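Engineer: There's a structure below that I have some questions on.
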């Protein structure tokens, strides 16, 4: 089973590739403040109708290009526009 990640689409400017932003929260070990970390992944998009702001699920796959190692599985929910 490959790693699956859910995130928000932040860019669709490239052909057949989108940028997905994920965030995770953790508590700082000393100061106990909750910190939010963001990570961007490039993913191959073969689905129609994905726009900026949509929530998508991506799956780890073989390297498709230099930076692209994920592909879009499904569109979880549409943007709030």
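Engineer: What label, among [x] 17.9; [y] 13.4; [z] 13.8, belongs to Kirkwood radius over Cα pairs in Å computed from the structure on display?
Structural biologist: Working out Kirkwood radius over Cα pairs in Å from the coordinates points to [y].
Engineer: Sticking with this one: Can you tell me what share of the DSSP beta bridges in the stretch 4-77 is antiparallel? A percent to the nearest 5 is fine.
Structural biologist: 90 percent
Engineer: Could you work out the relative contact order of the chain, using alpha carbon pairs under 8 angstrom and six or more residues apart, expressed as a whole percent?
Structural biologist: Contact order relative to length: 30 percent.
Engineer: Among 34, 20, 52, determine the one that fluctuates most according to a GNM of the chain built with springs between C-alpha atoms less than 10 Å apart.
Structural biologist: The residue that fluctuates most here is 34.
Each reported figure results from applying straightforward, stated rules to the coordinates on display, with no laboratory input. Here the structure is a predicted model, which is why all the values come from computation and not from measurement.
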